[in-house]
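The values are calculated or read from the model by the stated rules, or taken from the named source; none is laboratory data. Keep in mind that this is a model prediction, so the values were computed, not measured. Cβ: placed from backbone, ideal geometry, glycine included. Neighbour counts: every protein chain shown. For accessibility, only protein heavy atoms count, side chains too; no ligands or nucleic acids. Shrake-Rupley method; radii C 1.70, N 1.55, O 1.52, S 1.80 Å.
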Amino acid sequence: MRVLIVEDETKVAEVLKRGLTEAGYEADVAFDGQIGLRLAKSGNYDLILLDINLPLLNGLELCKQLREKDEITPVLMLTALGMSDDIVAGLEAGADDYLPKPFRFNELYARIKALTRRKKILTAMASQPGDVQDIFTLSDLEIDFDAREVKRSGKSIQLTAKEYALLEYLARNAGKVRSRLEIAEAVWGLNFETGTNFIDVYINYLRNKVDKPFNPKLIHTVTGFGYILKLPDA
């Protein structure tokens, strides 16, 4: 397995590379964002470890530009910034998971394994031909799972990759309440920390695009439990 480390702190990068090499990974290092983006776009990596504070091109912008061409390669943000807003910014940029510094290597390995498992599943799904069009409808909401297109009342709705993934998860579980923990694990592949509110932030993003301009409202909060996609109660 090949891992790209994009980290400008030399000592941190060396420790990461040594630890990953000892664990059997092949690791390359980029010390600035521009080189990191060029290597990341090569498509030769199974996972990218990405710091946020980088010279020439910061990690958030690097991730955004990478996601324009590559939605599958897992990106794990490594950052000293642990506040909820910073976490949301990283996920919004297209990162799949985050790990605040300092961290333990056993936790890093666990996150890497989880993310690379998801990549294998997504790659396998993408390679399978779709003979039957997979479309979900609820009221005037229409989701084409194959084309990853969302419409309400016939109008196309533009979503980010993570907003779409969240909506797809709710749609595939329509009529069922899903907790924040279940959403975090299914959509982001990470363990939910009760001190952060990024799930609520993303639900709000989704509501502003999918619900707010239309009726009826389809994304509902079930206080104390989580969220559900369904028609409003009569």
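For this structure, a couple of remarks:
- Long pairs among Lys11/Lys41; Lys69/Lys162; Lys41/Lys209; Lys176/Lys217; Lys17/Lys101; Lys151/Lys209, criterion Cα-Cα beyond 21 Å: Lys11/Lys41; Lys41/Lys209
- Span-like helix ranges in the chain, DSSP H, alpha carbon extent 24 angstrom or more, Kyte mean at least -0.5: 105-127
- Solvent-accessible area per residue for the chain (1.4 angstrom probe, square angstrom): 52 Å²
- Asn53-Ala186 FRET efficiency (beta carbon distance; Förster radius 22 Å; 0.05 resolution): 0.15
- Carbon + sulfur, % of accessible area of the chain - ligands and nucleic acids excluded, 1.4 Å: 51 percent
- Among the chymotrypsin sites (Phe, Trp or Tyr not before Pro) within segment 61-113, those in coil by DSSP and having at most 14 neighbouring Cβ atoms inside 10 Å are Phe103.
- Peptide ranges 55-64, 18-27 listed from the most packed, as the mean C-beta count within 10 angstrom indicates: 55-64, 18-27
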